[in-house]
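Down below is the structure, laid out as structure tokens.
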Amino acid sequence: MGKKQRDPKKQKPPPPPKDEAARQRDIDAIKQKLTEANLADDLSRITDIFERMETFISTGNADSGSIPLPEYKRALDYVFTPRAHLHSSMKLRYTG
């Protein structure tokens with residue numbers, strides 16, 4: 001008894017990417033969380049994260065990375081995804 005092989009002709013098409021309104025909602029939720037953490041004012045001086053957000057909204061290209069924040073001993077990890085079934089995210093990580 002072996003594993004059932006899939007027919008290569010019956011592959012599912014990829015889900016459609018997010019439209020601009022869905023990308024805007026994702027970024028607005030991230031900006032709200034940054035404001036609640038009192039980091040929104042400092043991030044505009046330290047990094048270009050808001051420019052990256054606006055680029056993601058307008059182009060829809062995926063972007064991810066990490067931005068060090070040495071004065072807070074933290075790093076800001078972000079993932080902006082154009083896939084409709086996933087949410088874009090941002091995480092503040094302790095670096096020691």
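Only the coordinates and a few stated rules stand behind these numbers; no lab work does. Just so it is clear, the model here is predicted, and its values are computed rather than measured. Positions of Cβ are backbone-derived with ideal geometry, glycine not excepted, and every protein chain shown enters the neighbour counts.
Quick check on ARG74: is it under 20 Å from ARG23 (Cα atoms), of a type in the set (Lys, Arg) and surrounded by 13 or more Cβ atoms within 10 Å (Cβ to Cβ)? No, not satisfied. Can you name the residue in segment 9-25 that is touching a residue at least 40 places away in the same chain (Cβ under 8 Å) and under 15 Å from the mean Cα position of the chain (by Cα) and, of all such residues, is surrounded by the fewest Cβ atoms within 10 Å (Cβ to Cβ)? Going through the qualifying residues, I end up with GLU20.
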